[in-house]
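The values are calculated or read from the model by the stated rules, or taken from the named source; none is laboratory data. The structure presented is a predicted model; accordingly, all values stated were derived computationally and were not measured. We place every Cβ from the backbone using ideal geometry, glycine too, and count neighbours over all the protein chains shown. Just the protein is used for accessible areas: all its heavy atoms, side chains included, with ligands, DNA and RNA removed. Shrake-Rupley method; radii C 1.70, N 1.55, O 1.52, S 1.80 Å.
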Amino acid sequence: KEQRFAIVDAKDQKIIWEWKASGSIREDHVKWFSNPSDARLVYNGTHILATASGGGVALIRISDKKTVFYTYVGGNTHSAELLPDGNIVSASSTGNYLTLIRVDTASAPDQVYKKNIPIDFGHNVVWDRRNQLLWSADRHKILAFSYNFNCNEPDLILKESYDMPGTEAHDLFPDFGRNSLWLS
């Protein structure tokens, strides 16, 4: 089984780009990227923000496949979002937390500042540019957090909580045309 992130040309059905942890990061950290779980284009489509259930989060430049930044957050990581100041927040389900990560390319991957915010069954994070909020869903609620915009010590403050029909929300993504969120 290949552990990789890939871009596929839908018309030709061919892989046109791929990134594998092996050969791209320290070999003793490769296991962090087992079971890739999410990948998002960021920085106007020039980078990929990737997560893996093995606990890894990586920022990868597409043009040369350079791993610009990576770290370990653990807890079965499902999703990550780039915050306006360049820091990252991730969601981990079995760990039951969001992790704020200071993106520091000068520090070793296991030495960067991280702060966990408890959230039951965390699978998703979405930054809402218009309202300047971070959205996530726990087992029973949709949550809105404000961000402190402190590059060195990022933090989230719970602002609102909405009961959710059903349980265990998995994916959350914005509907920009309607200023709303989709949940599945």
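Round to a whole number: what % of the accessible area of the range 1-104 belongs to carbon and sulfur, probe 1.4 Å? Answer for the range 1-104 is 47 percent, counting heavy atoms of protein chains only.
Which of rounded, prolate, oblate describes the range 1-40, given a ≥ b ≥ c as roots of the alpha-carbon gyration tensor eigenvalues and a/c under 1.5 marking rounded, otherwise prolate only if a/b is larger than b/c? It is prolate, given that a/c is not under 1.5 and a/b is the larger ratio. Lysine pair count for the chain with Cα-Cα distance under 20 Å and sequence separation of 8 or more or different chains is 12.
The simple spin-label model puts a point 7 Å past each Cα toward its Cβ; for Ile7 and Leu41 those points are separated by 0.7 nm.
The gain in end-to-end length when the Ser24 to Asp128 segment is fully stretched comes to 34.3 nm, 0.36 nm per residue minus the alpha carbon separation. Just the accessible area per residue of the chain, please: how many Å² with a 1.4 Å probe? That works out to 52 Å² per residue.
At q = 0.18, 0.28, 0.29 Å⁻¹ the log10 of I(q)/I(0) for the range 12-62 amounts to -0.59, -1.13, -1.16, computed by Debye summation with a single uniform scatterer per C-alpha, solvent ignored.
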